[in-house]
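Let me give you the structure first, and then I'll get to my questions.
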Amino acid sequence: MEQLYFLRSLVAKIVRNQGKKKSDREVVSFRETKIALLLKPILCGEVFSHFICCNKPDPDSVKMTRFTLKFAAHVRRIPVEVTKNMKIDKAQALSTYKQRVAILEKRILTQEE
């Protein structure tokens, strides 16, 4: 139950960060539990996945069932960003990196002056 609570709070942070600037986002730590670290790509919306939440129809499990349903409601709001894998030409990538290095060197020189 403790890990489910932690996952729920983690998902809530991810959902709250949705649409915010990087500087305004809350820090989301995936290192606190092993399951969060394993589920990081899924929770960040990097892969398409399905969550199945199971409940026990026992009257003694009402509290856990409600908790599970709340967790499912949070997970449902995780944004998914679909990207297309593209092959990168090595020569093109090298020239792009060289341009970036040149720009950064210019910035460093202007800051030192």
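Any read-out appearing in this document is the output of simple, stated calculations on the displayed coordinates, not a laboratory observation. Every value quoted in this text rests on a predicted model; they were computed, and no experiment measured them. Reconstructed Cβ throughout: ideal geometry from the backbone, glycine too, with neighbour counts over all protein chains shown.
Among the lysines in the chain, how many pairs, 8 or more places apart or on different chains, have alpha carbons under 23 Å apart?
17
Now a separate question. What are the ³J(HN,Hα) couplings of region 20-31, residue after residue, when phi is run through the Karplus curve with 6.51, -1.76, 1.60 and θ = phi - 60°? Round to Hz, x for glycine and proline.
Per residue, the Karplus-derived 3J(HN,Hα) values read 8, 5, 4, 5, 9, 6, 6, 6, 10, 9, 9, 8 Hz.
Treating only the Cα positions of region 1-102 as identical point scatterers, give the base-10 log of I(q)/I(0) from the Debye formula at each q in 0.11, 0.18, 0.22, 0.23 Å⁻¹.
For region 1-102 at q = 0.11, 0.18, 0.22, 0.23 Å⁻¹, log10 I(q)/I(0) is -0.49, -0.94, -1.16, -1.21.
Taking the chain as a Gaussian network, where each spring joins two C-alpha atoms under 10 Å apart, which residue of Lys63, Lys98, Lys21 fluctuates the most?
Top of the fluctuation ranking is Lys98.
Along the charge dipole of region 2-75, Cβ charges K/R +1 and D/E -1, which of Val47, Ala72, Ser23 sits furthest on the positive end?
Of the options given, the answer is Ser23.
In whole Å, how far is the Cα centre of region 65-111 from that of region 5-55?
What the calculation gives is 17 Å, centre to centre.
Apply the Karplus parameterisation 6.51 cos²θ - 1.76 cosθ + 1.60, with θ equal to phi minus 60°, to every residue of region 89-99 and state each ³J(HN,Hα) to the nearest whole Hz, in sequence, with x for glycine and proline.
So the J values, rounded to whole Hz, are 6, 4, 5, 5, 5, 4, 5, 5, 5, 5, 5.
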